[in-house]
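Enquirer: Next up is a structure, given as structure tokens.
The values are calculated or read from the model by the stated rules, or taken from the named source; none is laboratory data. Here the structure is a predicted model, which means the values were calculated and not measured. Note that each Cβ is placed from the backbone with ideal geometry, even for glycine, and that neighbours are counted across all protein chains shown. In case anyone asks, the SASA skips ligands and DNA or RNA and just uses the protein heavy atoms, side chains included. Shrake-Rupley method; radii C 1.70, N 1.55, O 1.52, S 1.80 Å.
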Amino acid sequence: MDHFAGLDVSVKETSACIVDDTGRIVREVKVASEPEALLAVLTNPAYHFKRIGLEAGPLSQWLFSALAEAGLPVICVETRHMRAVLKAQVNKTDRNDARGMAQMMRAGLYRPVHVKTLRSQKLRMLLTHRKLMQSKAIAVENDLRATLRNFGLKVGVVGTMKFETRIKELVENLPDLAVLVEPLLIVRRVLREQIGILHRRLLAIVRDDEVCRRLMTVPGVGPVVALTYRATVDVPARFRNSKAVGAVFGLTPTRYQSGESDRAGRISRCGDEMMRIMLYEAAQSMLVVSTKWSWLKA
């Protein structure tokens, strides 16, 4: 007899539900959200698992890898699709969610999600941290511009390298303001230094990656865009054809068809937001910023 399991994962505990091929609940248990605790339940020789459902989330990559290495048929399920199916339940609890996920696995009502390789997860972490520190540095600069403007001190158009010098020039004769802006300038200086360290690390990775170097031959594509694309696609063989990549990135239009109504909407935005931003910036660079001719721009 085949068995199916649903795992509703939270930070501390995971609710597990096991059903047989008739839909009868065989076991329900709540264990710690640790691979060892889950394996103690799922490796019981009394169960012959056909599918084990795991919702995509912060801990899903870690738990998925551990269960897959143990030889279990684990599947990571798309969050929005699962939420839509479980919405039919009157009471939302971890126990009911685990039951619903187990029944979804049994009936085949799920949409699998690709779990990235360990290398792609590390690349993604590098890109995310770099982007976070960059946004914080820009926020500090914008705050300084806005607060100094209240006193008639206009920073004006100034580059990243000369920004701190310009701020100090404005508050040179105002010691009370100089004391207030100095902590923000120190924070900005540290952020910019760390951004430089991460960016050099990014450039070193791109320099040694043949795929990234090939992607950078496309007009408008730089190291950041190339590495983001590399980390997001991860395993190219998982796509049936090149047209499927756009759908995964959320760049294909949505469609609504009912009776005589049939209309196409905006892009679905179901995929990776960072990847869409990078592709948009690359297109802007090629079409607007660059004056160099290319066959792609033409």
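Enquirer: Across the range 71-97, which residue is surrounded by the fewest Cβ atoms within 10 Å (Cβ to Cβ) among those that are assigned to a loop (DSSP other than H, G, I, E, B) and among the small types (Gly, Ala, Ser)?
Expert: Ala88
Enquirer: Here's a follow-up. Hey, does the range 8-17 have a residue that's within 24 Å of Gln121 (Cβ to Cβ), among the acidic types (Asp, Glu), in a strand (DSSP E or B) and modelled with pLDDT under 90?
Expert: For the range 8-17, residues within 24 Å of Gln121 (Cβ to Cβ), among the acidic types (Asp, Glu), in a strand (DSSP E or B) and modelled with pLDDT under 90: absent.
Enquirer: On to the next question. If Gly100 meets every condition in (1) within 24 Å of the chain's Cα centre (by Cα); (2) assigned to a helix (DSSP H, G or I) apart from one, which number is that one?
Expert: Among (1) within 24 Å of the chain's Cα centre (by Cα); (2) assigned to a helix (DSSP H, G or I), the lone unmet condition for Gly100 is (1).
Yes/no per residue for (1) under 20 Å from Ile195 (Cβ atoms); (2) open to solvent by 40 Å² or more (accessible area, probe 1.4 Å); (3) part of a helix (DSSP H, G or I):
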site	(1), (2), (3)
Leu132	yes, yes, yes
Ser135	yes, yes, yes
Glu141	yes, no, yes
Leu144	yes, no, yes
Val157	no, yes, no
Glu164	yes, no, yes
Lys168	no, yes, yes
Glu172	no, yes, no
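Enquirer: Please tell me if Gln121 is assigned to a helix (DSSP H, G or I) and either free of Cβ contacts under 8 Å to residues at least 24 places away in the same chain or under 30 Å from Glu13 (Cβ atoms) (or both).
Expert: yes
Enquirer: How many of the residues in the range 124-146 are without any contact (Cβ under 8 Å) to a residue 24 or more places away in the chain and either under 29 Å from Gly6 (Cβ atoms) or touching a helix residue (DSSP H, G or I) at 6+ places or on another chain (Cβ under 8 Å) (or both)?
Expert: So the count comes out to 1.
Enquirer: Here's something else I'd like to know. Looking at Asp8, Asp2 in this structure, which one is free of Cβ contacts under 8 Å to residues at least 60 places away in the same chain, among the charged types (D, E, K, R) and closer than 25 Å to His114 by Cβ?
Expert: None of the other options fit; the residue is Asp2.
Enquirer: What's the number of the condition Gly152 fails, among (1) closer than 30 Å to Trp295 by Cα; (2) in a loop (DSSP other than H, G, I, E, B)?
Expert: The failed condition is (1).
Enquirer: Next up: Can you list the helices (runs of 4 or more DSSP H) found entirely within the range 183-298 that contain at least 2 residues being in contact with a Leu (Cβ under 6 Å, 6 or more places away or on another chain) and either without any contact (Cβ under 8 Å) to a residue 60 or more places away in the chain or open to solvent by less than 70 Å² (accessible area, probe 1.4 Å) (or both)?
Expert: Hits in the range 183-298: 223-233.
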